[in-house]
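Chemist: Quick one: this structure, given as structure tokens, is what I'll be asking you about.
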Amino acid sequence: MRVLVTGSTGYVGRVVFAALAAAGHTPVALSGDVRTCAGLDAFGDLDAVVHLAGLGRVRESFADPVRYYDVNVGGTVNLLRSPPPRFVLASTAGVYGAPGVAVIDEDCPRSPANPYAASKAAAEDVLAWAAAAGRVGAVALRLFNVASGGDVDDTRLVTRACGAASGRLPAVEVFGDGSAVRDFVHVRDVARAFVTAVERCGEGYAALNVGGTPASVADVLAAVTRVTGR
């Protein structure tokens with residue numbers, strides 16, 4: 001399949017682009033602003049879109065919520081004006097907020113607690129309604145904490161901890177006792193999930209969690225200490 005990939009030069013996008021090619025597909029990079037790009041007809045015959053482009057920092061979204069909605073929702077709407085048959089959206093597990101349960105599955109109600117997550121929930125809604133109207137077959141992948149080498153975002157725990165161990169960043173400040181558990185998933189596993197979603201996407205709409213390994217903040221810091229000796 002010919003698959004248009006937005007955000008193909010980003011941390012996740014680079015790996016997804018390579019994984020699609022390795023699986024025998026033809027990934028096509030979309031460069032430029034997804035809110036203003038011309039119709040997808042300009043890219044020739046497409047079988048699918050993997051939509052990864054967007055803004056993704058929680059704290060930043062509080063300072064500029066309008067921009068987050070403009071990019072994350074507006075970009076999705078623009079791509080849906082003339083979509084190919086399959087559309088896979090990168091969403092976030094942040095749409096669940098803090099549901100107060102030990103295991104978050106796809107049946108948990110959405111309750112986003114920040115503008116970033118709320119903008120992703122809104123993008124999911126647009127996609128789901130487009131699928132219900134028969135315009136596209138759609139999948140939203142709700143990513144938990146993506147981690148691996150090659151990540152340059154120091155706001156993420158694993159990257160920040162490794163940066164502190166190397167001396168590039170100051171020591172990690174832990175709020176509370178470090179027992180808060182997050183779910184981490186390797187970027188290569190995320191890429192495989194996107195390839196699978198493209199290949200299995202059919203009529204209608206599905207939202208799926210993409211997680212991997214539960215670990216507390218203290219667990220992550222202990223692992224980095226063990227590996228680095230710092």
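The values are calculated or read from the model by the stated rules, or taken from the named source; none is laboratory data. Because the structure is a prediction, the values reported are computed rather than measured. Quick reminder, even Gly has a Cβ in these numbers, built from the backbone with ideal geometry, and neighbours come from all protein chains shown. All accessible areas refer to the heavy atoms of the entire protein, side chains included, with ligands and DNA or RNA removed. Shrake-Rupley method; radii C 1.70, N 1.55, O 1.52, S 1.80 Å.
Chemist: How high is the relative contact order of the chain, given as a whole-number percent (alpha carbon pairs under 8 Å, six or more residues apart)?
Modeler: Working: 416 pairs, mean separation 48.2, N = 230.
Here the relative contact order equals 21 percent.
Chemist: Which one, 148, 127, 223, is farthest towards the positive end of the dipole of the range 107-226 when Lys and Arg carry +1 and Asp and Glu -1 on their Cβ?
Modeler: Result: 148.
Chemist: Same structure, new question: State the antiparallel share, in %, of DSSP beta bridges confined to the range 88-219, rounding to the nearest 5. Don't skip to the end; give the middle numbers.
Modeler: Numbers: 4 of 18 bridges.
Percent antiparallel among DSSP bridges in the range 88-219 is about 20.
Chemist: Here is a follow-up. As a test of the formula, what do you get for the chain when each DSSP H run with n ≥ 4 contributes -39,500 (n - 2.57) and the sum is divided by the residue count, at 222 nm and rounded to the nearest 500 deg cm²/dmol?
Modeler: Taking each H run of at least 4 residues, the total per residue is -12000 deg cm²/dmol.
Chemist: For helix 157-166, report the angle its Cα long axis makes with the longest principal axis of the Cα atoms of the chain; keep it between 0 and 90° and round to the nearest 10°.
Modeler: The angle comes out at about 50 degrees.
Chemist: How would you rank 203-213, 98-108, highest first, on the average number of other Cβ atoms within 10 Å across their residues?
Modeler: Averaged packing, sorted descending, gives the order 203-213, 98-108.
Chemist: What is the sum of charges, Lys and Arg at +1 and Asp and Glu at -1, for the other residues whose Cβ falls under 14 Å from the Cβ of residue 127?
Modeler: +3
Chemist: Round to a whole angstrom and tell me the spacing of the C-alpha centers of the range 177-230 and the range 5-30.
Modeler: Here the two parts' Cα centres lie 19 Å apart.
Chemist: Between the helical axis of 187-200 and the dominant principal axis of the chain, each derived from Cα atoms, what acute angle in degrees is found, rounded to the nearest 10?
Modeler: Approximately 20 degrees, to the nearest ten.
Chemist: PRE reach from residue 18 (point 7 Å along Cα→Cβ): which of the range 215-230 fall under 15 Å by backbone N?
Modeler: The answer is none, because no backbone nitrogen lies closer than 15 Å to the label point.
Chemist: Put a dot 7 Å past each Cα toward the Cβ at residue 181 and residue 108; how far apart are the dots in nm?
Modeler: Those two pseudo-labels are separated by 1.1 nm.
Chemist: Next question. When ligands, DNA and RNA are left out and all protein chains stay put, how many square angstrom of accessible area per residue does the range 46-116 have with a 1.4 Å probe? Don't skip to the answer; put the middle values down first.
Modeler: Working: 3450 Å² over 71 residues.
For the range 46-116, the solvent-accessible area averages 49 Å² per residue.
Chemist: Next up: Report the antiparallel proportion of the DSSP beta bridges in the chain as a percent, rounded to a multiple of 5.
Modeler: Counting DSSP beta bridges with both partners in the chain, the antiparallel share is about 10 percent.
Chemist: List, in order, the whole-Hz ³J(HN,Hα) value for each residue of the range 73-80 obtained from phi through the Karplus relation with A = 6.51, B = -1.76, C = 1.60 and θ = phi - 60°; use x for Gly and Pro.
Modeler: Computed from phi, the couplings for the range 73-80 are 8, x, x, 5, 4, 4, 5, 7 Hz.
Chemist: Sorted by mean Cβ packing within 10 Å, highest first, what order do the peptides 176-182, 194-200 take?
Modeler: Working: 176-182: 11.6, 194-200: 19.7.
Highest to lowest by the protection proxy: 194-200, 176-182.
Chemist: Rounded to the nearest 20 debye, what is the charge dipole size of the range 141-230 about its Cα centre when +1 sits on each Lys and Arg Cβ and -1 on each Asp and Glu Cβ? Intermediate results must be reported in sequence, preceding the final value.
Modeler: Numbers: 10 positive and 10 negative charges, 45 e Å.
Its charge dipole is roughly 220 debye.
Chemist: Going toward the positive end of the dipole of the range 81-129, with +1 on Lys and Arg Cβ and -1 on Asp and Glu Cβ, which of 111, 95, 85 do you reach last?
Modeler: Of the listed residues, the answer is 85.
Chemist: Also, quick follow-up: Please get the size of the charge dipole for the chain, origin at its Cα centre, with Cβ charges of +1 on Lys and Arg and -1 on Asp and Glu, quoted in debye to the nearest 20.
Modeler: Dipole of the chain, to the nearest 20 debye: 400 debye.
Chemist: On the protein heavy atoms, probe 1.4 angstrom, tell me the percent of accessible surface of the range 56-138 carried by carbon and sulfur.
Modeler: The value for the range 56-138 is 54 percent carbon and sulfur by accessible area.
Chemist: Let a ≥ b ≥ c be the square roots of the eigenvalues of the Cα gyration tensor of the range 34-80; is it rounded (a/c under 1.5), or, if not, prolate (a/b larger than b/c) or oblate?
Modeler: Prolate shape, in that a/c is at least 1.5 and a/b is the bigger ratio.
Chemist: Taking the Cα centre of the range 6-84 as the origin, how large is its charge dipole in debye, to the nearest 20, when only Lys and Arg (+1) and Asp and Glu (-1) carry charge on their Cβ atoms? Walk me through the numbers on the way to the answer.
Modeler: On the way: 6 positive and 7 negative charges, 53 e Å.
Roughly 260 debye, rounded to the nearest 20.
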